[in-house]
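Remarks on the structure that follows.
Readers should treat all values here as calculations from the given coordinates under stated rules, not as data from a laboratory. Because the structure is predicted, anything quoted here is derived from the model rather than measured. Glycine also receives a Cβ, built like all others from the backbone with ideal geometry; neighbour counts cover every protein chain displayed.
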Amino acid sequence: MPTDSLSRTFAALADPTRRAILAKLASGECTVGELARPFAMSGPAVSKHLKVLERAGLVARGRDAQWRPVRLRAAPIKKVAEWALDYRQFWDASYARLDDYLTQLMSEEHHGNAK
Amino acid sequence: MATRSDAPAPATRNQTTYETPNDRELVITRTFDAPRSLVWAAFTDPKHVPNWHTGPDGFTMPVCEIDLRPGGKWRYVWRNPQGQEFGASGTYKEVDPPKRTVNVTTSQGGDELTITTTFSEEEGRTTVKVSQRFATQAIRDQGMKFARMGTDSSYVKLDAYLVSRS
C-alpha cells in the first residue's frame with residue numbers, strides 16, 4: 001500500500017483550516033486574498049497552509065496569471081476517500097455478514113448438528 | 001460456507017459506531033442478536049472467522065491462524081477480488097474467555113497498536129467493543145480519518161466534489 005503518499009495527504013488534511021480551504025476551493029479556483037477573507041487570516045498565514053497543501057499535491061498554483069490562482073487537485077483526496085471508505089466498509093460489511101452467520105449457527109445449534 | 005442471500009436480511013441491522021473517546025483510541029462498537037459464547041467463538045475460532053470477517057463481497061480469507069492464549073500469535077491474510085493479498089498479525093497479551101482479549105499488532109505505518117476486544121451480554125444480545133489504542137494521536141488520526149467523514153462538513157463538501165468529478 002502506498003502509505004507514504006497517503007500519510008502526506010493525511011497530515012495535510014489533519015488541520016481544520018486546511019480542510020476548510022480545500023472545501024472552498026471545491027467550488028472553484030481562488031486567489032490567496034479570496035481564501036484569506038472568510039477565515040479572517042492574513043495572507044502570509046494562508047500562504048503557509050497553502051504550502052503544506054501544495055507539498056501534499058492537494059492544490060496547484062497557476063503560473064501565468066498575475067494572481068496565481070489556487071486550484072484544488074482531487075486525485076490525492078480521492079485516494080484517501082477510497083482508502084477510508086474501504087476501511088469502514090470492511091467492518092460494516094463484515095459485521096453484517098456476522099449477523100447472518102450467527103443466525104445460521106444458532107439454527108444449527110437448535111437443530112442439534114452444531115459442533 | 002458463509003450464508004448470505006438465502007436468509008432474509010433483517011429489516012434494520014444493528015448499527016456499528018465508530019468513536020474516539022480520547023486522543024489515542026478508536027472504538028468500534030456493535031451489538032449482535034446472539035449469546036456471548038457464540039459471538040466469542042465467532043471472533044476467536046479460526047473455524048468461524050473466515051466465514052464473516054472478510055469485508056466487502058468478493059473478498060476471501062485464505063489464511064486464518066489463531067493461537068488463543070497469552071503469548072500466542074494470530075495471523076490473517078485477505079484476498080481481494082483482483083487477487084491481491086494483504087495481511088495482519090499480532091500477539092495475544094490477555095485471553096479471558098468469553099469476555100475479553102488484548103492483543104498487540106502493528107499499524108500500517110509500522111507502529112505498535114494495542115487492540116482490546118470486550119464481549120458483554122445482556123438479555124441474550126452481545127455487544128462487542130473493539131478498541132484500538134495507537135502509539136500517538138497523529139498515528140490514530142491517520143488511521144481513522146474515515147470515522148469523521150460523515151460529520152465533518154468540509155469532508156462532506158469534498159465528497160460531493162469528488163462525486164461530481166468522478
For the range A:3-110, what relative contact order do you get, as a whole percent, if you take Cα pairs closer than 8 Å and at least 6 residues apart? 27
For the range B:49-127, the Kirkwood Rh over every pair of distinct alpha carbons, in Å, works out to 14.0
Neighbour-count order for A:Ser27, A:Ser47, fewest beta carbons within 10 angstrom listed first: A:Ser27, A:Ser47
At a Förster distance of 41 Å, what's the computed FRET efficiency of B:Asp33 paired with B:Thr106, Cβ-Cβ distance as r, to 0.05? 0.75
³J(HN,Hα), Karplus 6.51/-1.76/1.60, whole Hz, each residue of the range B:78-93, x for Gly, Pro: 9, 10, 8, x, 7, x, 6, 10, 9, x, 8, 8, x, 10, 6, 9
If the chain between B:Thr12 and B:Ala135 were fully stretched, how many nm would it gain, using 0.36 nm times the residue separation less the Cα-Cα distance? 40.7 nm
